[in-house]
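The structure appears below as structure tokens.
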Amino acid sequence: MIHIETIKEMRDKSQAARQNGQSIGFVATMGFLHEGHLQLVKNARKENDLVVVSIFVNPLQFNQSSDLATYPRDLARDTALLEAEGVDIVFHPSVEEMYPKQSVVQMSLLSRQDVLCGASRPGHFEGVLKVLSKLFLIIQPTKTYFGIKDAQQVAVVEALIEELNFDITLVPVPTIREPDGLALSSRNVRLSPEERKDATNIYQALRAGQQYIRSNEYWSRDQVIDYMEHILRERISGKVDYVNCLTYPDLQPLINENDSVILAVAVYYENARLIDNLILDQSGEEIYRSDKK
């Protein structure tokens, strides 16, 4: 496995691979990897000649400098995990390498950002757009892999690739879950034993919303949201940040009869904020399935 820190070397390696007819699978991360990240890597390894993983804590995605300073980092552990998965290149540039000058170009979204997690994270997705545009241009991947657990980010990446005509295939990867249904996250370790048991009800509320859609031919968005909120109020001790039902990937509240929808929930516990979602067709069938339940 090659460890690269400069844009020039990374670009040279990618260009050489493309010229040799090799496909490049790319996974963008901010490090501190868990099984969800590794599942993205596994998918990339199955489908590409060359696998590149970036580890870059992007300062443009943080609203507060304190959050950036305390973001967990363990490069040695991360690279060992990636080497075990057969990754070919780890791209780990410094902030100075990625942003050597004061930014002149700012990227923004006209939609898909002021709902769900984006509503409480102003500027976050602008930072995502900027860093991914740079990484896509540097690495020139054939395919890029993102977890559907952060479905809003997947929707934003889809828009970025489509509107800027990147010659890249976006591969959304289903959420990896614990045996009891809790979505895998590095934040789960911050839960107390009682909170950990309590948090399984997030997934149960989403499943209940799904069942409501399956059982009611003429369901409405408000009805689904109210049903999920009722279950969460009855069963969880955490503070609900949001419960929503929107079109997917456009993330709009006006749902037409042929639209796919996202059911999404976020909950605050004492030391962790958990998110989860299900993306469904109009009959209530899950679009992104995982073998792990």
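The values are calculated or read from the model by the stated rules, or taken from the named source; none is laboratory data. Treat the numbers as computed from the prediction; the structure is a model and nothing was measured. Heads up, the Cβs are rebuilt from the backbone with ideal geometry, glycines too, and the neighbour counts pull from every protein chain shown.
Structure summary
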quantity: Answer from LEU68, LEU81 - the residue that is more than 24 Å from ILE2 (Cβ to Cβ) and surrounded by 14 or more Cβ atoms within 10 Å (Cβ to Cβ); calculated: LEU68
quantity: Residue that is under 30 Å from ASN271 (Cα atoms) and buried (at least 20 other Cβ atoms within 10 Å of the Cβ), where the choices are SER237, SER192, SER185; calculated: SER185
quantity: Those residues of region 46-65 which are surrounded by 17 or more Cβ atoms within 10 Å (Cβ to Cβ) and either of a type outside the set (A, V, I, L, M) or outside the structural domain of THR6 (by TED's automatic domain parsing) (or both), in sequence order; calculated: ASN48, SER54, PHE56, ASN58, GLN61, PHE62
quantity: Single match in ILE262, ILE287, ILE275 (criterion: outside the structural domain of VAL224 (by TED's automatic domain parsing) and either within 18 Å of the chain's Cα centre (by Cα) or closer than 15 Å to LEU184 by Cβ (or both)); calculated: ILE287
quantity: From LYS143, LYS134, residue being touching an Asp or Glu at 6+ places or on another chain (Cβ under 9 Å), of a type in the set (D, E, K, R) and surrounded by fewer than 20 Cβ atoms within 10 Å (Cβ to Cβ); calculated: LYS143
quantity: Test set (1) of a type outside the set (Lys, Arg); (2) over 18 Å from the mean Cα position of the chain (by Cα); (3) surrounded by 13 or more Cβ atoms within 10 Å (Cβ to Cβ); (4) closer than 30 Å to TYR248 by Cβ - GLN113 fails condition number; calculated: (2)
quantity: Residue check, LYS8 among the basic types (Lys, Arg), free of Cβ contacts under 8 Å to residues at least 24 places away in the same chain and more than 14 Å from ILE138 (Cβ to Cβ); calculated: no
quantity: Hits in region 14-36 (condition: farther than 26 Å from ASP150 by Cβ and surrounded by fewer than 20 Cβ atoms within 10 Å (Cβ to Cβ)); calculated: GLN15, ALA16, ARG18, GLN19, ASN20, GLY21, GLN22
quantity: Subset of region 161-192 (residues that are modelled with pLDDT under 95 and in a helix (DSSP H, G or I)); calculated: SER186, ARG187, ASN188, VAL189, ARG190
quantity: Helices (runs of 4 or more DSSP H) lying entirely in region 1-112 (those with 2 or more residues that are at pLDDT 90 or above); calculated: 7-19, 35-47, 75-84, 95-98
quantity: Every residue from region 84-95 that is touching a Phe, Trp or Tyr at 6+ places or on another chain (Cβ under 9 Å) and either exposed (fewer than 12 other Cβ atoms within 10 Å of the Cβ) or outside the structural domain of HIS34 (by TED's automatic domain parsing) (or both); calculated: SER94
quantity: Positions within region 254-278 being in a loop (DSSP other than H, G, I, E, B) and within 18 Å of ILE231 (Cα to Cα), in sequence order; calculated: TYR269
quantity: Filter result (β-branched (Val, Ile, Thr) and either within 25 Å of ALA159 (Cβ to Cβ) or outside the structural domain of ARG196 (by TED's automatic domain parsing) (or both)) within region 225-259; calculated: ILE225, VAL243, THR247, ILE255
quantity: Residues being without any contact (Cβ under 8 Å) to a residue 24 or more places away in the chain and of a type in the set (Lys, Arg) - total across region 215-253; calculated: 1
